[in-house]
Amino acid sequence: MNNKNDPRLQRKFLRAPLKSTCLYVDGEYVFKARVLNISEGGILLSDLPHIPEINSLPLALQLPLFPRLQNLSLEELKVLNIDELPRTILKTKARMVRTFEGQSNVDKVFVNFIGCLFVNPSDEFKSGVSKYVETFSKNTVFLLSLFESLGNRADQLEHLRSVAHSLGYDRRMKIPLLRSKVLHDYQSLESL
């Protein structure tokens, strides 16, 4: 049986990597987790210091407002600092998709990743996430096009490395390995 054609295994929303932090509330306490990726439908978190007991947890996250990298010159790309990009703060509630019923508190400590589904996100929230994912996707397609048109000129290589660095890749990585990683990440935007 070919699982690729099973509609139950297909993503409903395009997702994009997001190297950010998220704050979530459980009871009277606020905790911080790492965000690995996001889509209009949900979020993947890691490094949670505490597994929430509640089913619907309030959370706040920050999204960097990426420019379209194809519109920037090489000089602009070289000085682009992801940490200095303007950011928008979005708030919503999320429900953990992974359940921990039957697990002891000790077992819960070893959980590395938690997928959460957004619960009734506002139009503003959905729009912000949609714009982020769309821009990240277009920037990834642009980076892949740079691999295809890569010649022997040093400025072309520097342009490719600067775009890759802006998207969070290691600019020192060997080109075949970098291309393979970007292609893998692009393919995982839509597939499981």
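The values are calculated or read from the model by the stated rules, or taken from the named source; none is laboratory data. Remember, it's a predicted structure, so these values are computed and weren't measured experimentally. All Cβ positions, glycine included, derive from the backbone under ideal geometry; neighbour counts span all protein chains shown.
What do you reckon, is R179 among the basic types (K, R), at pLDDT 90 or above, part of a helix (DSSP H, G or I) and in contact with a helix residue (DSSP H, G or I) (Cβ under 7 Å, 6 or more places away or on another chain)?
Numbers: among the basic types (K, R): yes; at pLDDT 90 or above: yes; part of a helix (DSSP H, G or I): yes; in contact with a helix residue (DSSP H, G or I) (Cβ under 7 Å, 6 or more places away or on another chain): yes.
Yes.
Among the numbered conditions (1) at pLDDT 90 or above; (2) buried (at least 16 other Cβ atoms within 10 Å of the Cβ); (3) in contact with a strand residue (DSSP E or B) (Cβ under 8 Å, 6 or more places away or on another chain), tell me where R87 comes up short. Only one criterion is unmet by R87, namely (2).
Condition check ((1) under 21 Å from S188 (Cβ atoms); (2) of a type in the set (A, V, I, L, M, F, W, C); (3) assigned to a loop (DSSP other than H, G, I, E, B)) across all residues:
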site: I38; (1), (2), (3): yes, yes, no
site: L48; (1), (2), (3): no, yes, yes
site: I51; (1), (2), (3): no, yes, yes
site: A60; (1), (2), (3): no, yes, no
site: T92; (1), (2), (3): no, no, no
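For the range 34-46, the candidate set comprises residues that are touching a residue at least 40 places away in the same chain (Cβ under 8 Å) and out of contact with any Gly (no Cβ under 7 Å at 6 or more places or on another chain); within that set, the residue that is surrounded by the most Cβ atoms within 10 Å (Cβ to Cβ) is I38. The residue that is nearest to the chain's Cα centre (by Cα), among those in the range 157-192 that are of a type in the set (S, T, N, Q) and either within 22 Å of R68 (Cβ to Cβ) or buried (at least 19 other Cβ atoms within 10 Å of the Cβ) (or both), is S188.
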